[in-house]
Amino acid sequence: MKNWNFVILIVLCFLSLYPSLFHIPSFSISDDCPDPFSCDRIKQTSIPVNFMQWLYSKLLPTYSDLLVPDKDSSKKDPEEDFFDFDALGPDFSRLPDWPTSFPPDLVQYRIRTLNSTFASNQLKWKAEVAPWVVHHRGVAENLYLHRPDPREKAAIVVLVRNSELRQLQHSIRMMEDRFNRVYNYPYIFLNDKPFSNKFIQTIAKSTSSSTTFSLIPYDHWSIPDSVNFFKAKVEHRKLSSQNVPYGGSMSYRHMCRFNSGFFYKHPLLQDLDFYWRLEPDIDFYCDLDFDPFKFMRENNKVYSFVIFLTELEKTIPSLWESTLQYAYDKNISSNSLKLFADKYDNYNLCHFWSNFEIASLKWFRSDEYESYFQHLDKSGNFFYERWGDAPIHSLAAGLLLDIDQIHFFNEIGYRHDGFARWPVYKNNSAAASKCMVPSDRFRNFDIDGTVCSSLWEEYKPYPWDIKDTENALNKLYLQKLQKPSDQNYMFVDQKWRDAIYRN
Ligand SMILES: Nc1nc2c(ncn2[C@@H]2O[C@H](COP(=O)(O)OP(=O)(O)OP(=O)(O)O)[C@@H](O)[C@H]2O)c(=O)[nH]1
Ligand SMILES: [Mg+2]
């Protein structure tokens, strides 16, 4: 009996010490929980189904790890994580109408803000990220603000990590040389981790335009309660084993979900009408001697692109079906949706490559766009699958915009990763002389790329309505029922399965 007591005592001691003994983030948790707030939420909401999962949930970091350096980036430079507003120097300021003074412990401040009640989400997000909002008044700020011919209410918006400083400097140089040195549009930089002083100071010096840096609110970069974390991890492993790029990455999924349904909700973007998305490591090849924001407004354009290419099917197995269900439920008619359908009314996988886009923020903020995003988000497939923001923006445009509201900026020569395109002018040497094209290093994607570019050129508006949606859904489900592999079958909606059997 004595022996048993001793054993029980040892077990109890072990269990009470367990969390502190094993509370080690190095247990490859950082990949799953880029923001420890997410991890904490996972801890509260996941249902551990076996001992390993219970163990896993016990190992998750707590609030106190908030804003720790991004553990999955390979950093050699300790300055990369250092943020201190007061050390930035006199050239940097807070923004007017934003909170300006904060307690020394910013992590506690953020936790308190997240646990407080606000009159609106905007007020909450503003209060939450305010300590990490830094403004640099570029020497050209006046040129932008006080002109006889006012500039558009627009900005160049960049989601970026501290570790991408060099690649971003390159993109800004390109943007300034080709366009913005004349137009002086401000830049807004967003990050799920605080920008470092080194990043802020270096980037502010890269342009004479104004620059504003901010953290992203927790609500915009975290796993919703409805998502089963462990199910997501199982799906990530499957995709990863099929060598799907970023198939196993949680942070990539946060990025795609943020770009699909949150960037336009950031408090810094609320007063803007248009945005130009810029990414690190891009090239622009041609001088742009007109203002594309102005062009968009004057010509009633809502969404614009330069590269139209195919998505990896494995990342979006159920996106087309979800989109059609939405179109059916909302009785959507559109003359641009057919651009994305093949001859069997399956998704042709074409999408506007969203690392470049100039678009209306009023559209992204509209009830229609938001309702489509909410419909998609409810499925959890940003996390279970690997839905990218590019096909989502594209299908949203297909559902909600007239084809004339979508614009291809032929004048903009552009490269990102290994894809490059530039305008080909046959008899216009003046226009051609505005571009320096790398035809010795890259092929022109418009000519040698996927079928999507020619689909765009040849597209004739088609009056897609609910009958087309219903036909497309029926065909989709029939295909799935004929090939009931586990994965496909899983996605068939009961309502449609019943309808097919009835017919
Ligand atoms: N702050 C932050 N930015 C990120 C993170 N992941 C990606 N980004 C940014 O999001 C953008 C897209 O990320 P990429 O890594 O370029 O993804 P990609 O697959 O190349 O996307 P495409 O360029 O559209 O092909 C870039 O501007 C990145 O800097 C992240 O975890 N945190
Ligand atoms: Mg990219």
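The values are calculated or read from the model by the stated rules, or taken from the named source; none is laboratory data. Every value quoted in this text rests on a predicted model; they were computed, and no experiment measured them. Cβ atoms come from the backbone with ideal geometry, glycine included; neighbour counts cover every protein chain shown.
A few remarks follow.
- Helices (runs of 4 or more DSSP H) within region 447-503 that include 3 or more residues at pLDDT 85 or above: 452-458, 466-482
- H375 being assigned to a helix (DSSP H, G or I), within 20 Å of the chain's Cα centre (by Cα) and within 16 Å of ligand 1 (Cβ to nearest atom): no
- A359 vs. criteria in a helix (DSSP H, G or I), within 20 Å of F274 (Cα to Cα) and out of contact with any Gly (no Cβ under 6 Å at 6 or more places or on another chain): no
- In region 328-350 there is at least one residue matching the filter, namely being out of contact with any Cys (no Cβ under 6 Å at 6 or more places or on another chain), closer than 19 Å to V244 by Cβ and in a loop (DSSP other than H, G, I, E, B).
- Unique residue being more than 16 Å from ligand 1 (Cβ to nearest atom) and modelled with pLDDT under 95 when the list is Y326, Y344: Y344
- Residue, nearest to ligand 1 (Cβ to nearest atom), within region 265-290, restricted to residues that are part of a loop (DSSP other than H, G, I, E, B) and farther than 29 Å from S454 by Cβ: P280
- Subset of region 140-161 [away from ligand 2 (no atom under 16 Å from the Cβ), assigned to a loop (DSSP other than H, G, I, E, B) and in contact with a helix residue (DSSP H, G or I) (Cβ under 7 Å, 6 or more places away or on another chain)]: R151, E152
- Of the residues making up region 392-415, those that are of a type outside the set (F, W, Y), in a strand (DSSP E or B) and within 17 Å of L455 (Cα to Cα) are I406, H407.
- Taking the listed residues M175, M255, the one that is crowded, with 22+ Cβ neighbours inside 10 Å and not in a loop (DSSP other than H, G, I, E, B) is M175, with no other qualifying.
Yes/no per residue for (1) buried (at least 24 other Cβ atoms within 10 Å of the Cβ); (2) in the same structural domain as P461 (by TED's automatic domain parsing); (3) in contact with a Cys (Cβ under 6 Å, 6 or more places away or on another chain); (4) closer than 17 Å to W464 by Cβ:
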{"position": "A390", "(1), (2), (3), (4)": "no, yes, no, no"}
{"position": "S394", "(1), (2), (3), (4)": "yes, yes, no, yes"}
{"position": "L399", "(1), (2), (3), (4)": "no, yes, no, yes"}
{"position": "Q405", "(1), (2), (3), (4)": "no, yes, no, yes"}
{"position": "F409", "(1), (2), (3), (4)": "no, yes, no, no"}
{"position": "I412", "(1), (2), (3), (4)": "no, yes, no, no"}
{"position": "R415", "(1), (2), (3), (4)": "no, yes, no, no"}
{"position": "R421", "(1), (2), (3), (4)": "yes, yes, no, no"}
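- Within region 320-338, residues that are in contact (Cβ under 8 Å) with a residue 40 or more places away in the chain and farther than 9 Å from L400 by Cα reach partners that are outside any helix (DSSP H, G or I) and of a type in the set (G, A, S) with beta carbons closer than 7 Å, at six or more positions or on different chains, in the pairs S322/S379.
- Scanning region 233-278 for residues that are of a type outside the set (A, V, I, L, M, F, W, C), away from ligand 2 (no atom under 16 Å from the Cβ) and farther than 20 Å from E385 by Cβ returns Y264, K265, H266, P267, Q270, D271, D273, Y275.
- Residue match in region 349-364 (condition: at positive phi, touching a residue at least 24 places away in the same chain (Cβ under 8 Å), over 18 Å from the mean Cα position of the chain (by Cα) and within 16 Å of ligand 1 (Cβ to nearest atom)): yes
- Residues being farther than 22 Å from Y252 by Cβ and not aromatic (F, W, Y) - total across region 336-358: 11
- The listed residue being touching an Asp or Glu at 6+ places or on another chain (Cβ under 7 Å) and surrounded by 20 or more Cβ atoms within 10 Å (Cβ to Cβ), out of S354, S334: S354
- Odd one out for D281, checked against (1) among the acidic types (D, E); (2) surrounded by fewer than 18 Cβ atoms within 10 Å (Cβ to Cβ); (3) more than 16 Å from ligand 2 (Cβ to nearest atom); (4) under 30 Å from R166 (Cβ atoms): (3)
- Of all the listed residues (L123, L168), the sole one being of a type in the set (A, V, I, L, M), surrounded by 18 or more Cβ atoms within 10 Å (Cβ to Cβ) and in a helix (DSSP H, G or I) is L168.
- Taken over region 296-313, residues that are away from ligand 1 (no atom under 14 Å from the Cβ), touching a residue at least 40 places away in the same chain (Cβ under 8 Å) and not in a strand (DSSP E or B) amount to 6.
- Only one of the numbered conditions (1) within 16 Å of ligand 2 (Cβ to nearest atom); (2) on the phi < 0 side of the Ramachandran plot; (3) not hydrophobic (A, V, I, L, M, F, W, C) is violated by E411, and that is (1).
- Any hit, region 424-433, residues being away from ligand 1 (no atom under 16 Å from the Cβ), surrounded by 15 or more Cβ atoms within 10 Å (Cβ to Cβ) and under 29 Å from the mean Cα position of the chain (by Cα): no
- Residue match in region 171-193 (condition: in contact (Cβ under 8 Å) with a residue 60 or more places away in the chain, under 18 Å from the mean Cα position of the chain (by Cα) and over 19 Å from W276 (Cβ atoms)): yes
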